[in-house]
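First comes the structure, then the notes that go with it.
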Ligand code: NAD
Ligand code: MG
């Protein structure tokens, strides 16, 4: 059997890990086949081959060209069209269609021949393609959480109505998805999302005032792209994940909790009505949830290390400090409010994180800007895609104006 894959955002942290997982799945296939031929292996194999049909990047031309040379996809796309000529000449000798601009993502997401669309783009920029794939009834392995946060209702409805499947890649949501298989939806009493707590877990609100870009980018457990790493430091990431879980699992916010778990071994938990709590544990490595989404419903041996609890010894849990991590309480409020609140929450954060990474604002200003933006916004409920995008653009502009004002002051 062949599974045909497109990776949107193949040059990022999740994209590169997805290619590593696919390499391993394809080569263990070869290994298992050959040992079968030699008569060494008795058990049946699942011989699924993973074929890369399309790869995309925003501006990393060199890496994208290198990936194209190695995986020989039919399509490559560069969303920043300024890099089109450079990409075209870099892959000129290959038999590949080169696309450019944001709409190329939609074209790729809807390709007839695809079995799985892996969405590994960062931010709301991934929304049109994710929505297009859901509308085509595709199987989505979704890492790109922001589209679910801002358009969860539209997206889950599009998948439901068109026979699409959304498989979570975010480690917490993959854990919940796996734990959910222990009972029926009606038997779930609550979801508990775990959080590492990031680099400032033990910091007080005062200590967090002067942290640097470097400190915010040093995550104690996970090696990820810059935006999600900053989000982990503010705990905005967990706030976004609460909203993501709300939509993915159709779970009221009142039944979603967050627990700090610095070892990041218990990836999340589901409590059932009888009081049983089912968790998924594993070494903290994104390859595991990526692989599960690709092989689902099967499980196969992969590149992930196996967990040795005796080496870890102790697993600890604590309540999050909502005073230091205001983002988390805002996230719960936003999830309860619904409508355009989540769009403004996400867009103002994306813009503020960009400003922080560019060195124009302080770390603590990120969530302050988000909160101010939410306070100014008139929430609209049950909105169209156009209204969502309008609110998104409004929030980004608001943050920009505020940052300009503060620089001039
Ligand atoms: P990254 O910054 O490492 O990579 C982002 C990818 O998206 C790159 O391929 C880049 O070329 C592309 N991209 C960037 N801007 C774009 C735009 N405007 N239009 C189209 N493509 C664009 O990010 P990442 O850490 O891999 O995260 C990707 C997504 O997965 C995020 O939504 C993140 O929250 C989620 N996620 C990541 C991890 C992780 O371990 N990195 C874990 C859980 C969830
Ligand atoms: Mg996560």
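The values are calculated or read from the model by the stated rules, or taken from the named source; none is laboratory data. Everything quoted here is computed from the prediction, not taken from an experiment. As a convention, Cβ positions derive from the backbone with ideal geometry for all residues, glycine included, and neighbour counts pool all protein chains shown.
With 382, 329 as the choices, which residue is surrounded by fewer than 17 Cβ atoms within 10 Å (Cβ to Cβ), modelled with pLDDT under 95 and within 25 Å of the chain's Cα centre (by Cα)? Let's see the steps before the verdict.
Working: 329 fails: modelled with pLDDT under 95.
None of the others qualify; the one that does is 382.
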Report, by residue number, each residue of segment 372-388 that is in contact with a helix residue (DSSP H, G or I) (Cβ under 8 Å, 6 or more places away or on another chain) and free of Cβ contacts under 8 Å to residues at least 24 places away in the same chain. 376
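Within segment 288-304, how many residues turn out to be surrounded by 18 or more Cβ atoms within 10 Å (Cβ to Cβ) and modelled with pLDDT of 95 or more?
7
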Given the structure, is residue 139 more than 25 Å from residue 381 (Cα to Cα), more than 14 Å from ligand 1 (Cβ to nearest atom) and surrounded by fewer than 24 Cβ atoms within 10 Å (Cβ to Cβ)? yes
Condition broken by residue 64, with the remaining ones in (1) at pLDDT 95 or above; (2) more than 14 Å from ligand 1 (Cβ to nearest atom) satisfied: (2)
Among (1) assigned to a helix (DSSP H, G or I); (2) away from ligand 2 (no atom under 16 Å from the Cβ); (3) crowded, with 23+ Cβ neighbours inside 10 Å; (4) under 15 Å from the mean Cα position of the chain (by Cα), where does residue 125 come up short? (3)
Residues that are buried (at least 16 other Cβ atoms within 10 Å of the Cβ) and within 12 Å of ligand 1 (Cβ to nearest atom): find the helices (runs of 4 or more DSSP H) completely inside segment 168-286 holding 2 or more of those. 171-179, 226-234, 236-248
I'd like to verify a number: residues in segment 217-241 that are more than 11 Å from ligand 2 (Cβ to nearest atom) and either modelled with pLDDT of 95 or more or in contact with a strand residue (DSSP E or B) (Cβ under 9 Å, 6 or more places away or on another chain) (or both), how many? 11
Inter-residue pairs, beta-carbon under 8 Å, first free of Cβ contacts under 8 Å to residues at least 40 places away in the same chain and over 17 Å from residue 353 (Cα atoms) and in segment 234-257, second part of a helix (DSSP H, G or I) and more than 12 Å from ligand 1 (Cβ to nearest atom), 6+ apart: 252/246
Note on segment 145-167: residues touching a helix residue (DSSP H, G or I) at 6+ places or on another chain (Cβ under 6 Å) and away from ligand 1 (no atom under 16 Å from the Cβ) are 156, 158, 159, 162, 164
